[in-house]
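One structure is given here, and the rest of the page talks about it.
The values are calculated or read from the model by the stated rules, or taken from the named source; none is laboratory data. Since the model is a prediction, treat every value here as computed from it, not as a measurement. Every residue, glycine as well, gets a Cβ built from its backbone with ideal geometry; the counts of neighbours run over all protein chains shown. Side chains are part of the model used for accessible areas, which takes the heavy atoms of the whole protein and leaves out ligands, DNA and RNA. Shrake-Rupley method; radii C 1.70, N 1.55, O 1.52, S 1.80 Å.
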Amino acid sequence: MTPVPTLDLEDARLLVLTGAGVSAESGLATFRDSNGLWEQHDVQDVASPEGFERDPRLVWKFYSLRREQAKTVQPNAGHRALADVEKRLQDRFMLVTQNIDGLHQRAGSDRVIEIHGSLFRTKCSRCDRAPFDDQALYLEGALPVCRVCEGAGHEALLRPDIVWFGEMLDQGHLRAIDAFMRRDPGSPSVFLAVGTSGVVWPVAGLVNLARSLGASTCLVNAEPADNTSRFHSFVQGKSAEVLPALFGLNRAGH
Ligand code: OAD
């Protein structure tokens, strides 16, 4: 781990972006590390609308296994450090996560935007009914169908509420992030990205927006990310070790 500075958050707003690396120390595989999920699965098969159309059973099996696994693991010291700093900063804090595992919320984070959706919500593949909480596993047997569509005489499968490749991010989420970044112009703000390879857009470009608005930017990652050079500072290390130190938290208490 490289030496960890303490972030000066006095009067500052903090926008945090997290990725799969934050949950690695809880025991969940990342996507692009060796042995990562995209080494074992073709992303187009399990994370695209076309893949779902081709083989919905495979897609439901993939996400059912991940639902099952995410429930068995626990948030780690990195998740808890972020929940602690939110308690301190309150509405000067926003957490944007690409993770769909729900671990930030289980650690106590409230101001969370799940920009790539949630493993624990389901929606219709056809109609625009609101996504709903769902813990069910579809490992075998019949796949879930939309009762709303059925009532209207259509056949439609339910699907995980996850933003797949080729799909748009929620516009409301993007507006909320933009508004948070632009709030109180002239006041100090910090953008912190943690555990993300910086290859998936548009999220990988948030650092550019943050910089253009005058934020100081910091990356915490086990390895250099694709966009490391865009950050003012890079702390190489594991998030569960680095984040408590970065926020000046006493690790013994966590
Ligand atoms: P990746 O798997 O692309 O990157 C994870 C990053 O975390 C890597 O750069 C690792 O070096 C780093 N890392 C691993 N362990 C770490 C640790 N303990 N502490 C800190 N860093 C660690 O995951 P994401 O960047 O989250 O999208 O991937 C972005 C999106 O691509 C995901 O949301 C997913 C995927 O395709 C969808 O499924 C829609």
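A few notes on this one:
- Enumerated helices (runs of 4 or more DSSP H) restricted to segment 1-76, each holding at least 2 residues that are within 15 Å of the chain's Cα centre (by Cα) and within 16 Å of the ligand (Cβ to nearest atom): 21-24, 56-72
- Of the criteria (1) open to solvent by 70 Å² or more (accessible area, probe 1.4 Å); (2) closer than 19 Å to L158 by Cα, which one A47 fails: (1)
- Residues in segment 77-108 that are assigned to a helix (DSSP H, G or I), touching a His at 6+ places or on another chain (Cβ under 9 Å), open to solvent by less than 30 Å² (accessible area, probe 1.4 Å) and more than 17 Å from T30 (Cβ to Cβ): A77, A81, L82, A83, A107.
- Test for F165: is it within 24 Å of A47 (Cα to Cα), touching a residue at least 60 places away in the same chain (Cβ under 8 Å) and aromatic (F, W, Y): yes
- Odd one out for S229 among (1) under 23 Å from E86 (Cβ atoms); (2) assigned to a helix (DSSP H, G or I): (1)
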